[in-house]
Every structure is written in structure tokens, then in C-alpha cells.
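The values are calculated or read from the model by the stated rules, or taken from the named source; none is laboratory data. Here the structure is a predicted model, which is why all the values come from computation and not from measurement. Backbone-built Cβ (ideal geometry, glycine too); neighbour counts: all protein chains shown.
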Amino acid sequence: MADEDQLGILKQGVEVWNEWRIRNHTTYVDLYDADLSGSDLSGSDLSGSDLGNANLSEANLRGANLSRAILRGVSLSRADLSGANLSEAILRRANLSRADLSEANLLRANLNDANLSEANLNDANLSNANLSDANLSGADLSDADLSSTSLNSADLSEANLSRANLSKASLSKADLSGASLSKADLSGAHLYGVTIDETCQMDAKWRLVWQIINGTSDKSTLSGADLSRADLGGANLSDAFLNKANLTKANLSNADLSGADLRNADLSGADLRNADLSNADLRNTDLSNADLRSANLWNTLLNTANLRDVTMDETSQIDAKWRLVWHLVNGTANKSILSGADLSGADLSGADLSGADLSGADLSGADLSGADLRRTILVSSNFTRANLSECRIYGISAWNVKLQGAIQTNLDISDSDSALTVDNLEVAQFIYMLIHNEKIRDIIQTIGNKAVLILGRFADEQRKTTLDALREKLRQERLLPIIFDFEKATNVDFIETVKILAGMCLFIIADVTAPKSTPMELQATVPDYMVPFVPIIQKGEQPFSMFQSLQGKYHWVMDVLAYETTEQLIEYLPSKIIKPAIEKHNELIALKNQELRYSDISAE
């Protein structure tokens, strides 16, 4: 029974009661079985009070503090609890039918087996609350926070859950027939055994998740499906067609994905612990940050799959080849034992393979874009159809390398900040040796009919865009662009490097757009080499002051070509630059090959 003295103080009004609570904050409040129906207790401090079996029906408890209160079996039907604090309160078997709990705080409250039928819980905080076996039929839970809440076996029929946050909520065996869940967030919500009928309004994504977890979906129609953040733990997806599906941060622990088609799917951040992926096709799948502990990946196709930051341990069942790839992309491999390794089809983009012995290794079809291959041994390595674009290849040893069909654009042969890039692995090694070995320069003519040297400063984005377009168009014309960016060059001997490169090229394109562009380099290079120099400049700009002198003295310096846009430059590149430059090149060759002219001093 209630403490009569305390009950008497409470009936004197909220102000008197709250003052008494302040003075007696350690006193246990016993209001068990009290009849407070219809009372105005708005703003009252009832925190920690024992109100078990009390009658508070139709009471005004707006903004009241009932945190940690014991409210077992209490009657709060039609009570006004809007904005009230009921966090961690015990409300087991309480009657809250038609109560107003809008914007109330019910964080971690225990509402097991409570009656909340037709209650107003709009915008209420029910995060981490226990609502298992509760009656919420017809309740308004729109915009409510039900994240990580237990709603197992709850009756939510005809309830309004539109825009509610149900992320990570457990709804096992709950009844959602006739409920509205439009725009509700069900990320990570457990939907096994949930009752849903045709009148239930649910976004298509979550209805599909419900169908999958309850075994009623058509597994042949899941290509491209959005299943991100879905709880599919334990789902049977064997032989499912999930290619291009979005499964980011999905829970697939204990799921059966054996034989599934997951090509090009996004599984980044997915929980795949103890999942069966045996014989599945995960080619080109993004598995970054996924958890594969205790997963079965025997005979799984992982060609070009992204294994960066994947969590694996000794319990992960995976073929030795792919475990090695996983070690490589995550920087934990022993790079000294890669000779003869099978790395075909592996996604090694951006991997640090510097100093590795890859002699005899099979890297056919592998993606090595942006990888660090500096000082690697590539004797008899197989790079057929591999992607080597943007690789760093300073100091490589490349002999008898198979490169059929390989992408080799923008290979960086510098040891630090890139100033020199080429488009062929073997040519890159040759150019490096050419610069550093005087004898090898004698064979410069082996590539003299294809190399085009591009000089300039390309620090800003506009210049870089022009450079990239120019380089791509030269490739299309079956020429070999060699880029020397003076903005990145730091070595004091870089002018000597330019001279060496100039002597081996078919012709040179010099971008003189910026006022500081290439004056010293051209003055040091033009006089020494009879190689066509094609200066280009954007309209509205002027070349450096001494350029006119260079053009007047050396006939292999061609007319300055002014262009308005990058697109215009590329359009006229074949006719206005390449063709005249090659003609000038042939003219210069003919001049060099002319026989020495003799005159008889005694002739009349």
C-alpha cells in the first residue's frame, strides 16, 4: 500500500511535492496501489518512485520525471504523458491504452507485455526499450525512435510507423498486418517470422528483405537489388542472382550464399561471419571492410575482388591464392616469396609491391593500377591483359615480360614526386637507362619514330586537363607521349634530361601558355637539336620575350599555334600539329643526309 504521508504531500500539489523531493532526495517513494486517477501531476518529480498497480488513468503527467520509476501493472489509460521522462522505467504489463506519450523519453524502458493500443507515441524515444509481447495495435509511432528496440511478438497491427527509426530493432514474430511503415528505417532490423499482409504499407526495399529472410523471395530476380544495411543473418541465398546488388553494411552472418552470383556486388562493410560463400562468384566484388571470420570461401571466384581492410583470421576458409592477395593488399605479405606466385585476376590496385621478387609470377588479368612496383624483379613475369596504369616503376628489372593486351598508361619512372611518365613498361625501363647510361643512348632511333615529348608546367587544373586530353589524342594516333612536367622537376640536372629526351623524339610539343613556361628549357634545348618544336599557346596569352629570337634563328621551331579551348586543340591536333611536325621531321632528316658540297678553288 502507498505511504499515506507521501500521498498526502503529493495531493497538496506539484510545487509542494517537488520541494519535498529536493529536501528528501534519498527517501524511498512508495506510492504502490495509489489512486491518482485524473490528478494533475504535470512537471512532477516521480523519478525512482514505486507506483506499481497505481491508478493514473486520465492523469496529467505532461513533462513529469518518471525515470527509473517502478510502474508494473499501473493503469495509465488516456493519461497525458507527452514530453515525460520515462527512461529506464519499469512498465511491465502496464495499461497505457490511448495514452498520450508524444515526444516522451522511454529510452531503455521495460514495456514488456504492456498495453499501448491506440496510444500516441509520435516522436517518442523508445530506443533500446523492451516492447516484446506488447500490444501496440492502432498506436501512432510515426517519427518515433525505436532503434535497437525489442519488439519480439509485439502486436503492431494497424499501427502507424511511418518515418519511424527501427534500425537494428528486433521484430521477430511481430504482427505488422495493416501497419504503415512508409519511409521507416529498417536498417539492420530483424524481420524473421514477422506477419505482414497485403494491406501493410512498407517500402519495396524492406518488403524484399522480409521476403528473403522468410524464404519467400524469388532468388533469380535479385540482380541490382538494394539490400544495404539489411539484416539477412541466416538467410538462404544459395544460388541466388545478386550480381550488382548493394549489400553495403548488410548483416549476412550465418547466411547461405553458396553458389550465389555476386559479381560486381557491393559487400563493403558487410558482416559475413560464418557465412557459406563456397563456389560463389564474387568477381569484381567490393569486399572492403567486410568481416569474413569463420566464413567458407572454398572454390570462390574472387578475380578482381577488393579485399582491402577485410577482417579474416585462421578460421576463415579461403584458397591460399586469395589469402596471399589479401595479405598483399593489406601490407602483411612476405614480398620475398612471390616468385612464381599465381596472382592472376587479383585486385592489387594501389598495393605496395616495392622490392618484391615477381619473377615468373602470373599476374595476367590483374589490376595493378596505382601499385608501387619500384625496384621489383619482373623477369619472365606474365602481365597479359593486366592493368598497370599509374604504376610507379622506378628501378624495375623487366626481362622477357609478357605484356599482350596490358594497359600501361602513365607509368611513373621517377623515384619520388612524378616528373616523368610514359606508356610502356619496357620503354619506361629503356628511358630510365637511357637517361642514366650514355652508351644506351646510341639506340635511341629504335623508338624515334613514335615518341612525342610534351614540355610545360601543368600545376593548375586547366593546364592538367589540356595535358591529359593531348596525351590521350596522341595515343589514339598511335604515338607515344612522354610528359616532362617542369612544375614537378626538382633535380638540378633536369635540363640535361630534357636534352636527352629531345634527341630521341619524333617531335616536341611545348606549351608556352603561362608566362613562366619553359623559357630556360627551350633556350637550352632548341639550338642543340634539329627536332621539330611545335609551340602551342592559349589565345589571350603571350610567350616569353625571347621566344621570337629562337623562332627566327632555328627553322625547326614551327609557328606558334594559338587555340581557344582544349576541345579545339584536340580537334586540330592531327592536321595542324602532327602532320606538319612529321613533315618537318622528314625535311630535317633529308637535310642531315645531304651530301657534303664541294667547290674547286681553281675553277673559273
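Values as computed for the structure displayed
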| item | result |
| --- | --- |
| Matching option when the condition is of a type outside the set (Phe, Trp, Tyr), crowded, with 23+ Cβ neighbours inside 10 Å and in contact with a strand residue (DSSP E or B) (Cβ under 9 Å, 6 or more places away or on another chain), among LEU338, LEU363 | LEU363 |
| Residue check for GLY83: within 12 Å of LEU121 (Cα to Cα) and either of a type in the set (Gly, Ala, Ser) or outside any loop (DSSP other than H, G, I, E, B) (or both) | yes |
| Test: residue in the range 454-466 that is among the basic types (Lys, Arg), surrounded by 15 or more Cβ atoms within 10 Å (Cβ to Cβ), out of contact with any Gly (no Cβ under 6 Å at 6 or more places or on another chain) and modelled with pLDDT of 85 or more | no |
| Positions within the range 174-201 being within 17 Å of ASN160 (Cβ to Cβ), assigned to a loop (DSSP other than H, G, I, E, B) and among the charged types (D, E, K, R), in sequence order | LYS183, ASP197 |
| Of residues in the range 491-520 being farther than 21 Å from PRO580 by Cα and touching an Asp or Glu at 6+ places or on another chain (Cβ under 7 Å), the one modelled with the lowest pLDDT | SER517 |
| Test: VAL422 is of a type outside the set (Gly, Ala, Ser), within 30 Å of ALA562 (Cβ to Cβ) and modelled with pLDDT of 85 or more | no |
| Of all residues making up the range 1-35, the number that are part of a loop (DSSP other than H, G, I, E, B), surrounded by 19 or more Cβ atoms within 10 Å (Cβ to Cβ) and touching a Ser or Thr at 6+ places or on another chain (Cβ under 9 Å) | 2 |
| Qualifying position, being farther than 22 Å from TYR192 by Cβ, modelled with pLDDT of 95 or more, buried (at least 20 other Cβ atoms within 10 Å of the Cβ) and of a type outside the set (S, T, N, Q), among ASP261, ASP271, ASP276 | ASP261 |
| Boolean, ASP40 is over 23 Å from ASN115 (Cβ atoms), acidic (Asp, Glu) and under 54 Å from the mean Cα position of the chain (by Cα) | no |
| Some residue of the range 535-549 being more than 23 Å from THR466 (Cβ to Cβ), modelled with pLDDT under 90, part of a helix (DSSP H, G or I) and in the same structural domain as ARG457 (by TED's automatic domain parsing) | yes |
| Residues of the range 87-107 satisfying the condition of being within 19 Å of ASP140 (Cβ to Cβ) and not aliphatic (A, V, I, L, M) | ASN95, SER97, ARG98, ASP100, SER102, GLU103, ASN105 |
| Test for SER67: is it polar (S, T, N, Q), more than 19 Å from ASP140 (Cα to Cα) and free of Cβ contacts under 8 Å to residues at least 40 places away in the same chain | yes |
